[in-house]
Every structure is written in C-alpha cells, then in structure tokens.
Amino acid sequence: MKAAVVVFPGSNCDRDLAVGFEQAGFDVSMVWHKDSVLPEGVDIVGVPGGFSYGDYLRCGAIAAQSPICKAVVDHANRGGYALGVCNGFQILTETGILPGALLRNAGLKYICRTVDLKVATQDSVFTEGYTAGDVIGIPIAHHDGNYFADTETRAALKDQDRVAFTYAENPNGSVDDIAGILSENRRVLGMMPHPERAADQGHGGTDGTAMFRALAGMLATA
C-alpha cells in the first residue's frame, strides 16, 4: 500500500500525517509542491494541515494552483483516494474536488483544542472503522475552519449521506455543525479536525487510529 503526503511551504502537519499512514502499514512518500506527478502506484494522497504559502490571499487558494495539485485533481478524477486535513481540506475545496468553503471562525479567534466529533456515517473507507453515532475526541487547530455551503449543496450532502463528521458542540460556526465531508464517489474526505494527532497514546488519545487502519484494511484487500 502506498501513500503520498504533499508538502507545501508552510505545511506543519505533513510528518504527523505520514506517521499516521506509516503506523497503519503504508509505504509513504513525501511529495513537494513543485512536483508535477505523484509517485507511481500511489493508493491515497494526504494533503496535510498547516499554513500553505502563509495563507496569503485565501487559505488554500495559492496551494490549489500548484503543480502537484493538478496531479491530485487528476488522481481524484480517476477514482483515487485522498484525505485532506485542516489546511488540506481548505485546499481540496479550492481545487473543486470538494464543495463549499472554509471561512474565518465565527468567533474570529484561532482555536486549538480537542473536540468531540460525531461520526455521521459509517459508509466510507475512512469511517468504516467507527459506528455511526460514535463520539470521538479529535484535536482541532484552525482560524478558518467555519465550513459554509449553499442550501443546494448542503441538501445534496445530506441526501447523499456525504457528511462524514459533525461537531458535538460547534466550535467555529460551521453550517449544520459540519466537520468533514466526502466526495460524490466517497473516495475523498476533507475534515478540519486532525486524526493524525489522535493516533498515538503519547499525544493524548488514539481515536484517529481507526481511520488509518480502516484505510489500510480496505486497500490491502482491494
């Protein structure tokens, strides 16, 4: 199983995401933003958190125009798997892989703490290690995590069971308490909370481990 983790100027969670994949049994390659192709045979692409390009212009907007993101879009359009966390979620919305946008937190403050998430669906390779309705503790660390989408998009997400996670107590103003969403083919997940920061007991919790293990289990039998 092969995973690629994209590294942008300003990424600061790329190594954490790589370790999350490695602990689940993936062979991980780090891919620089100026690269124009992904490693051959890659199964899943991780787009990490941080502050790509210093969050200038708009969070994720510049990164979305980088050479590697064109390859990520092609990978997703071919049915490849991808996981975007925090800034990675912002980037995936800026590329159009996922709908909606991440706005400034409703309280206009940076938030860094562990929050309770509700697993909204078990019907994806990312969430099948949980049970719908489970409450898990996952850290957040963002200033622009307020998810917004228009009424039509939100209705589609709900009707197609594409909301992956919701906040038990909304920390940032996200519409419908949305913390993570799936693509139409359910092979791309974008989420603001950091499962890679909840994959080692030494870091305070392991509720994110089930996600990486589920991915590994699926790809190992594919």
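No lab work stands behind these numbers, since they all come straight from the coordinates. Small disclaimer: the values here were computed from a predicted structure and weren't measured. Please note: Cβ atoms are built from the backbone with ideal geometry, for glycine as well, and neighbour counts cover all protein chains shown.
Of the residues SER29, SER11, SER36, SER183, the one with the fewest other Cβ atoms within 10 Å heads the list, and the complete ranking is SER36, SER29, SER183, SER11.
With +1 assigned to the C-beta of every Lys and Arg and -1 to the C-beta of every Asp and Glu, and no other charges, what is the dipole magnitude of the stretch 2-221 about the Cα centre in debye, to the nearest 20?
Numbers: 17 positive and 26 negative charges, 69 e Å.
Rounded to the nearest 20 debye, it is 340 debye.
All alpha carbon pair distances within the stretch 108-157 were sorted into 10 Å bins beginning at 0; the resulting P(r) in whole percents reads 22, 35, 41, 3. For the charge dipole of the chain, defined by +1 on Lys and Arg C-beta atoms and -1 on Asp and Glu C-beta atoms about the Cα centroid, which residue among LEU57, ALA24, LEU38 has the Cα displaced farthest towards the positive pole? Checked the options; the winner is LEU57.
In this structure, the residue pairs whose Cα-Cα separation is over 22 Å, taken from LYS109/LYS158; LYS34/LYS70; LYS70/LYS158, are LYS109/LYS158; LYS70/LYS158. In terms of its C-alpha gyration tensor, the chain has a rounded overall shape, because the principal axis ratio a/c (a ≥ b ≥ c, square roots of the eigenvalues) stays below 1.5.
Sorting THR221, THR127 from the fewest to the most surrounding beta carbons within 10 angstrom yields THR221, THR127. For ALA106, the residues 5 or more places off, or on other chains, whose built amide H falls under 5 Å of its own are GLY173.
Of the DSSP H helices in the chain, those with a Cα length along their own long axis of 15 Å or more and a mean Kyte-Doolittle hydropathy reaching 0.0 comprise 67-77, 209-221.
The residues packed around PRO39, meaning those with a beta-carbon under 11 Å from its beta-carbon, carry a net charge of -3 if Lys and Arg are +1 and Asp and Glu are -1.
Please arrange MET192, MET30 by how many other C-beta atoms lie within 10 Å of their C-beta, fewest to most.
Placing the least packed residue first, the sequence is MET30, MET192.
Within the straight-line cut-off of under 14 Å between alpha carbons, the aspartates and glutamates reachable from LYS2 are GLU22, ASP27, GLU40, ASP43, sequence neighbours fewer than 8 places apart in one chain being disregarded. What does the charge count near HIS143 come to, summing +1 for each Lys or Arg and -1 for each Asp or Glu among other residues with Cβ under 14 Å from its Cβ? After counting each charged neighbour, the total is +2.
Close amide-amide hydrogen proximity is noted between THR114 and ILE140, each under 5 Å apart and 5 or more residues distant or on a separate chain (H modeled in the peptide plane; Pro and chain starts excluded).
Packing here is the average count of other Cβ atoms within 10 Å per residue, and on that basis the peptides 144-154, 41-51, highest first, run 41-51, 144-154.
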